Every structure is written in C-alpha cells, then in structure tokens.
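K.L.:
The structure is given below, and queries will be raised subsequently.
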Amino acid sequence: MNLHEYQSKQLFARYRIPVTRGEVAATPAQASAAAERLGGSLWVVKAQVHAGGRGKAGGVKLARSAEEISVTAAGMLGTRLKTKQTGAGGLPINLVFVESGSSIERELYLSMLVDRGKQRIAFLASAAGGMDIEEVAAKTPEKILTVAVHPAAGLQAYQVRHMAYGLGLDDGQTKQFIDICQKLYRLFCDCDASLIEINPLIVTKEGNLLALDAKINIEENALFRQSELQAMRDPSQEDDMERRAAEHDLNYVSLDGNIACMVNGAGLAMATMDLIKLHGGEPANFLDVGGGATAERVAAAFKLILSNPSVRAILVNIFGGIVRCDLIAEGVIQAVREVGVKVPVVVRLEGTNVDPGRALLAQSGLDIVAAADLTDAAKKAVAAAGQRQ
C-alpha cells in the first residue's frame with residue numbers, strides 16, 4: 001500500500017526526521033491560505049499522486065505569491081498526472097501539498113527496501129540524487145552505495161558512516177545523516193514498510209540535511225496490524241479493477257493488451273501470458289483465481305475481466321488439482337450467461353473432473369471454443385482477438 005508524500009512526511013515528522021514545513025490542500029483557496037500560514041516568499045506546489053517523476057511531468061511547480069499558488073493549484077486539481085510510472089491514463093490529482101521553498105546546495109538520494117535475495121533490509125544511497133536516479137542506476141550503478149542490515153544486530157553506525165563518506169558529507173552532516181538513518185530504520189520496522197525513499201535528500205546552503213520528498217510503501221500482508229496506516233489508503237490512486245479483484249480475493253494486475261486471461265496458479269498464469277506473447281498476442285491482465293476457486297469466485301473473475309473495454313478475446317486456462325474443472329466450468333457458464341459475453345471465449349481444462357467440466361461447457365449452448373492444450377488455446381485466443389480488431 002502506497003502513502004502520499006504528505007502522509008509520509010507526517011510519519012517522518014513523528015520520528016523527528018527533518019522535513020520541510022507544508023500543508024495539504026483540496027482547493028485553490030486552501031492552497032493559497034496554506035502559503036499565508038507558512039509564510040515566506042517562495043513555495044512549492046506538489047501534486048499528490050502515487051507515482052514518481054512528478055517534476056518532469058509538471059506535477060511540481062514553484063510559486064512566489066498567493067495568487068500564483070491559487071492558479072497553480074487550480075491547474076492541477078481535478079486533472080490527471082501522467083508520468084513514466086502511471087501509464088497512459090495517469091492518476092487523478094485530488095490534493096496538492098504546499099510547502100515552503102528550500103535553499104538547495106546539493107541533492108542526494110536515500111532509500112530503504114527489503115532485499116529478498118539477502119533476506120535483509122537494505123539502504124541505498126547516492127550522491128547523484130534528484131529526478132534522474134533511475135538513469136544513474138541504469139548507466140552508472142557504481143554511483144549507488146548499498147548497505148545490508150543484519151536483523152539481529154540492527155543498523156550500525158559504521159555502516160551509516162560508510163554511506164556518508166561515499167556521499168561526501170562533512171563531519172557535522174555525517175552526524176545528521178547517522179541520526180536520520182537510525183530513525184528511518186526504526187520507522188521502517190515499526191510501520192512494516194517495504195520501501196522508504198527520499199529523493200532528494202538535500203543539503204541546504206546552511207549545511208543541514210532535509211527530506212525534500214518522501215515516499216513510503218507499506219507491506220500489504222502486514223496491514224492487519226497497521227490500522228492507522230490502513231486508514232490512510234487512497235483508493236482513487238489504485239487501479240479500479242485491481243481494487244475490485246482484491247475484494248474477491250483474486251490476484252489481478254492490469255496490462256495493456258487485448259486478450260484477457262483467467263488462470264489458476266501464478267506460475268501457470270505467467271506461462272499463459274508468455275505463450276500469448278510467443279504467438280503474437282498481448283495479454284490484457286494477469287489473473288490468478290487461486291487453487292481453491294469456487295464457481296462464485298470464477299464468475300466474479302469473469303465479470304471483472306469483461307469490464308475491460310479493450311478485451312477482444314478471453315483465454316481460460318485451468319489445471320485442476322485442488323480446484324475442480326467442473327466447478328470452473330460452472331463459473332464460466334454462470335458468468336457468460338449473466339454478463340452476455342460478446343467476445344470469443346477459449347477454454348482449456350485439464351486435471352481433476354476434466355471430463356465433467358468439458359461436458360458442461362459443451363452442453364451449455366454457449367459460444368465457447370474448446371482447446372486441446374495450452375499452445376492450442378493460446379493460438380486460438382490470438383487468432384480470435386485478431387479477427388475482432
């Protein structure tokens with residue numbers, strides 16, 4: 001679960017991590033009033049969306065008067081911001097964050113994440129901070145410093161000093177950096193975070209460190225013990241279909257293709273998408289209905305993928321182990337009848353109760369294309385989608 005920048009900075013402030021002063025606003029009038037309360041002569045208006053790259057996309061702008069802030073906020077609120085991380089549709093801007101301007105001497109990068117390969121929490125830092133950190137990682141990875149924290153020992157001061165020296169910080173700044181990293185580590189553990197990112201962490205002209213931006217992701221599986229953080233969830237920033245899928249305990253990810261997939265098992269779902277690509281098609285989604293799928297869940301899954309207007313064909317690929325093929329068939333038939341499917345449906349069933357399942361589909365009287373195996377199913381789905389372009 002992602003948090004907005006303003007929410008992340010509220011958590012930073014709670015842990016006494018230095019941040020810029022700012023207020024969130026939902027209207028242009030609130031934005032200009034926030035600037036008056038903050039005082040000063042320079043402010044930054046930031047679109048609050050769950051995506052990076054806001055600055056390059058016009059989601060971060062400077063303002064030097066209350067009137068300019070109002071105009072800037074009005075130009076953002078109610079629109080959608082498109083960045084490299086949002087996809088073509090962008091994300092809605094319902095809030096802006098107005099904060100005081102800062103005197104920037106240097107921009108650094110600092111983040112924490114779970115390194116699953118090492119089974120450690122890892123710190124990443126770079127002196128090449130700012131908007132182009134992705135390019136730094138791709139072209140000059142040696143500029144990124146990495147420190148893995150042993151869970152028994154916790155973060156050690158020598159590890160932070162190693163990063164600080166690599167960032168070119170002086171002694172006073174190194175002390176500040178150690179303090180910030182120790183507090184970030186405590187925040188990461190306390191909040192069950194999966195990612196914390198500060199980009200940029202600035203060095204001000206006065207020589208102080210300040211978190212100019214803040215991004216926090218919370219581990220979804222830990223939300224049952226993070227009720228306060230769960231209340232910060234903003235559904236408007238989430239893919240609507242993915243949100244609806246979660247309500248039915250379905251594992252769903254939206255993609256840009258036109259062949260919808262409904263599969264049981266994540267590995268089989270990945271293989272199904274690979275075969276669709278191999279035969280010249282584009283999957284519209286990843287959808288794993290799970291090993292214990294019921295007819296009701298399958299029907300819900302079917303309705304979900306059919307709500308995507310880009311879908312030109314549907315491929316159902318079920319290998320019955322725990323789940324029974326006849327139950328899957330019942331769910332497909334139920335969904336097709338209720339929704340009124342107008343695109344080709346290709347079904348490949350194999351495994352437990354496969355013969356009764358195939359018989360149900362054959363006797364349904366519906367326009368369902370049977371496939372002998374996965375390759376056959378992928379070819380038929382690609383061909384059907386191509387015929388309906």
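K.L.:
Can you tell me the orientation of helix 266-278 relative to the chain, as the angle in degrees between its alpha-carbon axis and the longest Cα principal axis, to the nearest 10?
P.N.:
Approximately 80 degrees, to the nearest 10.
K.L.:
Go ahead and run the numbers for FRET between E206 and D256, Cβ-Cβ distance against an R0 of 51 Å, rounding to 0.05.
P.N.:
Values: r = 47 Å, r/R0 = 0.92.
Computed FRET efficiency for E206 and D256 comes out at 0.60.
K.L.:
Rounded to the nearest 500, what is the chain's calculated 222 nm mean residue ellipticity when only DSSP H runs of at least 4 contribute -39500 (n - 2.57) each, over all residues? List each step's numbers first, then the result.
P.N.:
Details: 13 runs with 145 residues, N = 389.
The helix-only estimate for the chain comes to -11500 deg cm²/dmol at 222 nm.
K.L.:
With everything on Cα atoms, drop me the angle between helix 157-166 and the longest principal axis of the chain, reported from 0 to 90° to the nearest 10.
P.N.:
That works out to roughly 80 degrees.
K.L.:
P(r) tail for the range 300-343, what percent of Cα pairs lie past 17 Å?
P.N.:
Value for the range 300-343 (Cα pairs over 17 Å): 31 percent.
K.L.:
Could you pull out every residue, at least 5 positions away or on a different chain, whose amide H is within less than 5 Å of the one on I218? Hs are placed 1.01 Å off N in the peptide plane, and Pro or chain starts have none.
P.N.:
Excluding prolines and chain starts, which carry no amide H, the hits are N2, L3, S194.
K.L.:
Pulled fully out, how much extra length does the chain show between M270 and R21, if you take 0.36 nm times their separation in residues and subtract their Cα-Cα distance? Don't jump to the answer; show the numbers that get you there.
P.N.:
On the way: separation 249, 0.36 × 249 = 89.64 nm, distance 4.54 nm.
Answer, rounded to one decimal: 85.1 nm.
K.L.:
So what is Rg over Rh here for the range 268-389, counting just Cα atoms and using Kirkwood for Rh?
P.N.:
Here Rg/Rh amounts to 0.92.
K.L.:
Could you tell me which trypsin sites (Lys or Arg not before Pro) in the range 72-142 are loop residues by DSSP with no more than 10 other beta carbons within 10 angstrom of their beta carbon?
P.N.:
Details: sites: R80, K82, K84, R106, R116, K118, R120, K139; in loops: K82, K84, R116, K118.
Sparse-neighbourhood loop trypsin sites (Lys or Arg not before Pro): R116.
K.L.:
Given a 1.4 Å probe and every protein chain left where it sits, what share in percent of the accessible area of the chain is carbon and sulfur?
P.N.:
On the way: 9070 of 18030 Å².
Percent of accessible area from carbon and sulfur atoms in the chain: 50.
K.L.:
A further question follows. With a cut-off of at most 16 other beta carbons within 10 Å, and DSSP calling the residue loop, which trypsin sites (Lys or Arg not before Pro) in the range 295-342 qualify? Please list them.
P.N.:
Passing sites in the range 295-342 are K342.
K.L.:
Still on this structure: What whole number of Å gives the distance from the Cα centroid of the range 21-45 to the Cα centroid of the range 284-356?
P.N.:
Here the answer is 51 Å between Cα centres.
K.L.:
Debye calculation, C-alpha points only, no solvent: report log10 I(q)/I(0) for the range 161-205 at q = 0.17, 0.21, 0.27 Å⁻¹, in the same order as the q values.
P.N.:
Each listed q maps to, in turn, -0.54, -0.78, -1.05.
K.L.:
Could you give the C-alpha radius of gyration of the range 152-306 expressed as a fraction of 2.2 N^0.38 Å, taking N as the number of residues it contains?
P.N.:
Taking the Cα Rg and dividing by 2.2 N^0.38 Å, one obtains 1.48.
K.L.:
Consider a paramagnetic label point 7 Å from the Cα of L42 along Cα→Cβ; state which residues of the range 194-216 have an amide N under 17 Å from it.
P.N.:
Only 200-213 pass the distance filter.
K.L.:
Sticking with this structure for a sec: Per residue, how much accessible area does the chain show when a 1.4 Å probe rolls over the protein heavy atoms, in square angstrom?
P.N.:
That works out to 46 Å² per residue.
K.L.:
Can you tell me, using C-alpha contacts under 8 Å and at least 6 residues apart, the relative contact order of the chain as a whole percent?
P.N.:
Relative contact order comes out at 12 percent.
K.L.:
Follow-up. How charged is the neighbourhood of M273? Take every other residue with its Cβ under 13 Å from the Cβ of M273, and add Lys/Arg as +1 and Asp/Glu as -1.
P.N.:
Net local charge, M273 excluded: -3.
K.L.:
Restricting to bridges with both residues inside the chain, how much of the DSSP beta-bridge set is antiparallel, in percent to the nearest 5?
P.N.:
Antiparallel bridges make up about 75 percent of those DSSP assigns within the chain.
K.L.:
Given the range 57-151, what whole percent of its Cα pairs are spread farther than 15 Å?
P.N.:
When every Cα pair of the range 57-151 is considered, 73 percent fall beyond 15 Å.
K.L.:
OK, next. Return the sequence-ordered ³J(HN,Hα) values of the range 66-79 in whole Hz as given by the Karplus equation 6.51 cos²θ - 1.76 cosθ + 1.60 applied to θ = phi - 60°, using x for Gly and Pro.
P.N.:
After applying 6.51 cos²θ - 1.76 cosθ + 1.60, I find 4, 5, 5, 4, 4, 5, 5, 5, 5, x, 9, 4, x, 9 Hz.
K.L.:
Restricting to Cα atoms and excluding each atom paired with itself, what does the Kirkwood estimate give for the range 109-165 in Å?
P.N.:
12.0
K.L.:
Something else about it: Would you mind giving the three semi-axes, in whole Å and largest first, of the ellipsoid equivalent to the range 14-112 according to its Cα gyration tensor?
P.N.:
Details: eigenvalues 86, 74, 29 Å².
Square roots of five times the eigenvalues give 21, 19, 12 Å.
K.L.:
For the pair A153 and D249, what calculated FRET efficiency results from E = 1/(1 + (r/R0)^6), where r is the Cβ-Cβ distance and R0 = 35 Å, to the nearest 0.05?
P.N.:
Step by step, r from the Cβ atoms, then E = 0.40.
K.L.:
Moving to a separate point now. How high is the relative contact order of the range 1-50, given as a whole-number percent (alpha carbon pairs under 8 Å, six or more residues apart)? Walk me through the numbers on the way to the answer.
P.N.:
Working: 23 pairs, mean separation 21.0, N = 50.
Relative contact order here is 42 percent.
The values are calculated or read from the model by the stated rules, or taken from the named source; none is laboratory data. For clarity, every value in this text was computed on a predicted model and none was experimentally measured. Every residue, glycine among them, receives a Cβ derived from its backbone with ideal geometry; neighbour counts consider all protein chains shown. Heads up: the accessible areas ignore ligands, DNA and RNA and are worked out on the full protein's heavy atoms, side chains in. Shrake-Rupley method; radii C 1.70, N 1.55, O 1.52, S 1.80 Å.
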